[in-house]
1. If R0 is 30 Å, what FRET efficiency do you get for residue 50 and residue 81 from their C-beta distance, rounded to 0.05?
2. Can you tally the net charge around residue 2? Count Lys and Arg as +1, Asp and Glu as -1, for every other residue whose Cβ sits under 12 Å from the Cβ of residue 2.
3. How about segment 1-74: which trypsin sites (Lys or Arg not before Pro) there lie in a loop by DSSP and see at most 14 other Cβ atoms within 10 Å?
4. Send over a whole-number figure in Å² for the accessible area per residue of the chain, probe 1.4 Å.
5. Given (1) 26, 15, 12; (2) 18, 16, 13; (3) 22, 18, 12, which label gives semi-axes √(5λ) of the Cα gyration tensor in Å as computed from the coordinates?
6. Explain nothing, just the number: dipole magnitude of the chain about its Cα centre with +1 on each Lys and Arg Cβ and -1 on each Asp and Glu Cβ, in debye rounded to the nearest 20.
7. Where in the chain is the longest stretch that carries no GluC sites (Glu not before Pro) classed as loop by DSSP and with at most 16 other Cβ atoms within 10 Å?
Amino acid sequence: MAISMTESAARHVQRSIEGRGKGEGIRLGVRTTGCSGLAYVLEFVDELTADDLVFESHGVKVIIDPKSLSYLDGTELDFVREGLNEGFKFNNPNVRGECGCGESFNV
């Protein structure tokens, strides 16, 4: 079981943590929502909990809660720029379908 980040994503997260002045890493999780069932959740983590699973890529920690891991196992987090837009892209091998608006997915 593993979660990883590309070098581009790790650089972006590290710059954001430095800009905040604190942080252990970034939490990747899922929540129930949207027309396909699940959506990704990203948030900064200032303190780890006993249940947190920690994966490290390019010197940056990706923190996952145990409930989300079954949906996210094998996921690579990327940070991409396409024209004037930029943002995180989730390369998740578990996804079986996505809604048309890109808000949610199912496994």
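The values are calculated or read from the model by the stated rules, or taken from the named source; none is laboratory data. Quick caveat: nothing in here was measured; it's all calculated off a predicted structure. Please note: Cβ atoms are built from the backbone with ideal geometry, for glycine as well, and neighbour counts cover all protein chains shown. In case anyone asks, the SASA skips ligands and DNA or RNA and just uses the protein heavy atoms, side chains included. Shrake-Rupley method; radii C 1.70, N 1.55, O 1.52, S 1.80 Å.
1. That gives a FRET efficiency of 0.20.
2. Net charge in that neighbourhood comes out at -3.
3. Answer in residue order: 22.
4. Counting only protein heavy atoms, the per-residue value for the chain is 59 Å².
5. Computing semi-axes √(5λ) of the Cα gyration tensor in Å and matching it to (1) 26, 15, 12; (2) 18, 16, 13; (3) 22, 18, 12 gives (3).
6. Dipole about the Cα centre, nearest 20: 160 debye.
7. Free of exposed loop sites, the longest segment is 48-102.
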